[in-house]
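A quick write-up on the structure given underneath.
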Amino acid sequence: MSEPLRIAMWSGPRNISTAMMRAFENRGDTAVIDEPFYAHYLVATDAPHPGREAIIASQSSDYADVAAMLAGPVPKDMSIWYQKHMLQHILADKPLDWLDRVSNCFLIRRPEEVVPSFTANRPDAAPWELGFAQQTRLFDHVAERRGEAPPVLDATDVLRNPEGTLRALCTRLGIEFSQRMLHWPAGPRASDGVWAGHWYESVEASTGFAPWQARETPPFNSHQRKLVNTLRPGYDHLARHRLLPEPW
């Protein structure tokens, strides 16, 4: 490729976003960046997240500066730059023009799987904290600008069939699939955000995508059920565009 490929992968919390970052970083031709708008989000919202001051000190909190950086030179002159983004970090009043200069992809997960995990630590969570509405907004913006739906991956497809689903994504992005995307060494990475110690314990112990195991959904309380019902239309809106795994 004469021009580097900048992949902006948009995900909500309690998805497989960090494992996806590991998969791309292990290719060998890809630089990665971990949640570059996190500091901006914390400063703009005053949200009380673990490690708040360290996060703010670790990266720029200026939205325009971060957006310009993400559309600029790729670190280490790599041919691919994988940018892991959390949807809730993009506030409604911020311009989205910089998205025209990156290849936007969307990672979705069923609300029935996201809600129990998220509310284990945030039992009174509000819908906006899970990113579904922001995902719809960004997806529609990108689809309108491109004239077609951007790539959508369902986390369940990735976990059920990592190779087939990642092959489908690579085909859509115009890059070669690499077997190295399926496995990686255990442990932390220098590319991980300073918040890794609070959230990345399981992915640091991993060495690849674990074999698929169906999980029993626990009974929802009334607040969890309301959240699932509120979030379901956003998931369905993107899910009809999801990439189907390729045969291999």
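Among the residues in region 12-22, are any among the charged types (D, E, K, R), assigned to a helix (DSSP H, G or I) and closer than 29 Å to Glu144 by Cβ?
No; the residues of region 12-22 include none that is among the charged types (D, E, K, R), assigned to a helix (DSSP H, G or I) and closer than 29 Å to Glu144 by Cβ.
Based on this model, can you work out whether Ala143 counts as closer than 16 Å to Leu87 by Cα and small (Gly, Ala, Ser)?
Criteria not met by Ala143.
Report, by residue number, each residue of region 35-61 that is small (Gly, Ala, Ser), over 16 Å from Gln83 (Cα atoms) and not in a helix (DSSP H, G or I).
Answer for region 35-61, where residues must be small (Gly, Ala, Ser), over 16 Å from Gln83 (Cα atoms) and not in a helix (DSSP H, G or I): Ala47, Gly51, Ser61.
Go through the residues of region 37-55 one by one and say whether even a single one is surrounded by fewer than 21 Cβ atoms within 10 Å (Cβ to Cβ) and under 14 Å from the mean Cα position of the chain (by Cα).
No; the residues of region 37-55 include none that is surrounded by fewer than 21 Cβ atoms within 10 Å (Cβ to Cβ) and under 14 Å from the mean Cα position of the chain (by Cα).
Going by what's in this entry, would Ala126 be described as under 30 Å from Gly72 (Cα atoms), modelled with pLDDT under 95 and more than 14 Å from the chain's Cα centre (by Cα)?
In short, no.
Restricting the search to region 25-66, which residues are over 30 Å from Arg180 (Cα atoms) and basic (Lys, Arg)?
Arg52
Looking only at residues in region 92-108 that are surrounded by 14 or more Cβ atoms within 10 Å (Cβ to Cβ), in contact (Cβ under 8 Å) with a residue 40 or more places away in the chain and out of contact with any Ser or Thr (no Cβ under 7 Å at 6 or more places or on another chain), which one is nearest to Thr230 (Cα to Cα)?
Among those residues, the one meeting the criterion is Ile108.
It is to be established whether one or more residues within region 150-160 are over 16 Å from the mean Cα position of the chain (by Cα), of a type in the set (Asp, Glu) and over 10 Å from Cys105 (Cα atoms).
For region 150-160, residues over 16 Å from the mean Cα position of the chain (by Cα), of a type in the set (Asp, Glu) and over 10 Å from Cys105 (Cα atoms): absent.
Mind checking which residues of region 62-109 are among the acidic types (Asp, Glu) and either touching a Leu at 6+ places or on another chain (Cβ under 6 Å) or not in a loop (DSSP other than H, G, I, E, B) (or both)?
Answer for region 62-109, where residues must be among the acidic types (Asp, Glu) and either touching a Leu at 6+ places or on another chain (Cβ under 6 Å) or not in a loop (DSSP other than H, G, I, E, B) (or both): Asp65, Asp77, Asp97, Asp100.
With the structure loaded, tell me whether Phe24 is under 24 Å from Trp128 (Cβ atoms), surrounded by 21 or more Cβ atoms within 10 Å (Cβ to Cβ) and under 13 Å from the mean Cα position of the chain (by Cα) or whether it fails that test.
no
Please determine whether any residue of region 18-38 is farther than 20 Å from Val102 by Cβ and either acidic (Asp, Glu) or in contact with a Leu (Cβ under 7 Å, 6 or more places away or on another chain) (or both).
No, region 18-38 has no match at all.
Name the single residue, out of those in region 110-167 being among the small types (Gly, Ala, Ser) and in a helix (DSSP H, G or I), that is surrounded by the most Cβ atoms within 10 Å (Cβ to Cβ).
Ranking the qualifying residues of region 110-167, first place goes to Ala155.
The values are calculated or read from the model by the stated rules, or taken from the named source; none is laboratory data. Remember, predicted model here, so these are calculated numbers, not experimental data. FYI the Cβ positions are ideal-geometry reconstructions off the backbone, even for glycines, and counts take in every protein chain you see.
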